[in-house]
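The values are calculated or read from the model by the stated rules, or taken from the named source; none is laboratory data. If you're wondering where the values come from, they're calculated on a predicted model, not measured in any experiment. A quick note on method: Cβ atoms are made from the backbone with ideal geometry, for glycine too, and the neighbour counts reach across all protein chains shown. Accessible surface areas use protein heavy atoms only, side chains included; no ligands, DNA or RNA. Shrake-Rupley method; radii C 1.70, N 1.55, O 1.52, S 1.80 Å.
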Amino acid sequence: SYQDNEVVDIGDAQPLYSGFDINVFKPGLPKYAFYVYKVHGALFDADGAYAGVDVDGPGDEKTYAGNPIPPHTGSFTLDMRIMRNLNIRVFCDWALEQSMYNMTSLFQALMGNNKERNDLADQLDELTPGTDEYREAANAYAKTDGNYDWNFIGRSDYFKLREISLSYDLTSILPKVLGNNMISNLIVGVSGTNLWTTTKYSGADPEVNYSGSVGLDRSNDFLTLQHPTTYNVWLRIGL
C-alpha cells in the first residue's frame, strides 16, 4: 500500500513541535515530519585540524529530515496444508521510506559511550590534519556529535518475519485412541512472533516510540524497550 499526506494549513499558529522539538506540524511537510537544523560536516582550523561542527544555526531555516510514517508498507501471508493434517502459516511485513530518531545513540554520544564516535576520535588522533583521510574521519566525527539532532535521524526501512505457526489436526486418530465420539476435533499448535528483522535503523527496533502515541512525538527511540520475540504452544478441543 501507499499513502502520502501534507499539512496544508494550521491557521495563524507557528509550527507545532513535539516535546523534543524534533517532529513538527508545518505547512508543506508531512504530518509529524522530522524538522531540525542540518549538520553539513566538520569545521577546520588553519592547520587543517578539526575545529567543530558546521551546522545551520538559529538564523537559518530548519531542514526536513525524514518521515516517521512510512509511505510504503506491505505484507505477505503464506498458508499451506501438508498431508491433510499439518498446517503452516507464515506472515511477513515491511515498510519503506520511514525514518527514526535514535535519541538513545545521541545520549550515548553525550555520555562518551558511543562506540562509533569513540572509534572516530581515535582515528583523528592517529591521522595527519589536512589529509583526505583526516578530513573524511573529521566529517564523520562531526556527524556523531550528540549536541545535534540531525546526526541521529536516519532511515529505518524494515522487513520482518512477523509470525510462523504450525498446527496439526489429530481429529482423524481420535476414534482409534478413544473409541468414541466424545471429542469432535483436537488440534495442537506452536507459534512464534517477531522472529527476525532486517532494517536500516541503527537501533534495536524500528517500530518503537518512547512516549507511545502521546503528543506529536513519533518514531523517537529513547531508552525504549524493543518488541520481544514470543513463543506459544496451544491446544484446541472441540466437543
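Screening Ala65 on (1) in contact (Cβ under 8 Å) with a residue 24 or more places away in the chain; (2) in a loop (DSSP other than H, G, I, E, B); (3) touching a Lys or Arg at 6+ places or on another chain (Cβ under 9 Å) shows it passes everything except condition (2).
Looking only at residues of the range 6-25 that are open to solvent by 60 Å² or more (accessible area, probe 1.4 Å) and in a strand (DSSP E or B), we find that the one that is farthest from Leu120 (Cα to Cα) is Asp12. Here the range 212-230 is the region considered, the condition is being open to solvent by less than 70 Å² (accessible area, probe 1.4 Å) and hydrophobic (A, V, I, L, M, F, W, C), and the residue that is farthest from Arg155 (Cα to Cα) is Leu216.
Take the range 87-135 and flag every residue that is polar (S, T, N, Q) and more than 19 Å from the chain's Cα centre (by Cα).
Of all residues in the range 87-135, those polar (S, T, N, Q) come to 87, 98-99, 102, 104-105, 108, 113-114, 118, 123, 128, 131.
Answer for the range 87-135, where residues must be polar (S, T, N, Q) and more than 19 Å from the chain's Cα centre (by Cα): Asn87, Asn113, Asn118, Gln123, Thr128, Thr131.
Of the residues in the range 75-112, how many are open to solvent by 80 Å² or more (accessible area, probe 1.4 Å), modelled with pLDDT of 95 or more and not in a strand (DSSP E or B)? Number satisfying all stated conditions: 4.
State the number of residues belonging to the range 26-59 that are among the aromatic types (Phe, Trp, Tyr), part of a strand (DSSP E or B) and touching a Ser or Thr at 6+ places or on another chain (Cβ under 9 Å). Don't jump to the end; show me each part of the working.
The initial filter retains those residues of the range 26-59 that are among the aromatic types (Phe, Trp, Tyr), namely 32, 34-35, 37, 44, 50.
Narrowing the set further to residues that are part of a strand (DSSP E or B) leaves 34-35, 44, 50.
Next, only the ones that are touching a Ser or Thr at 6+ places or on another chain (Cβ under 9 Å) stay: 34-35.
The qualifying residues number 2.
Scanning the range 195-219 for residues that are under 13 Å from Ser18 (Cα atoms) and in contact with a Ser or Thr (Cβ under 7 Å, 6 or more places away or on another chain) yields Asn209, Tyr210, Gly215, Leu216, Asp217, Ser219.
Take the conditions (1) in contact with a helix residue (DSSP H, G or I) (Cβ under 7 Å, 6 or more places away or on another chain); (2) closer than 30 Å to Thr77 by Cβ; (3) acidic (Asp, Glu); Asp145 misses just one of them, which is (2). Candidates are the residues of the range 46-68 that are charged (D, E, K, R) and out of contact with any strand residue (DSSP E or B) (no Cβ under 6 Å at 6 or more places or on another chain); the one that is surrounded by the most Cβ atoms within 10 Å (Cβ to Cβ) is Asp56. Looking only at residues of the range 157-189 that are within 28 Å of the chain's Cα centre (by Cα) and of a type in the set (A, V, I, L, M, F, W, C), we find that the one that is least open to solvent (accessible area, probe 1.4 Å) is Leu161. The set of residues in the range 205-239 being closer than 16 Å to Gln108 by Cβ and in contact with a strand residue (DSSP E or B) (Cβ under 7 Å, 6 or more places away or on another chain) consists of Tyr210, Asn220, Asp221.
Which one is surrounded by the most Cβ atoms within 10 Å (Cβ to Cβ), of the residues in the range 113-149 that are assigned to a loop (DSSP other than H, G, I, E, B) and among the hydroxyl-bearing types (Ser, Thr, Tyr)? Out of the qualifying residues, it is Thr144. Against the definition (at pLDDT 95 or above, within 30 Å of Phe76 (Cβ to Cβ) and not polar (S, T, N, Q)), how does Tyr201 come out, yes or no? When the stated conditions are applied, Tyr201 passes them.
Across the range 211-231, a minimum of one residue is classified as at pLDDT 85 or above, over 24 Å from Tyr32 (Cα atoms) and of a type outside the set (Ser, Thr, Tyr).
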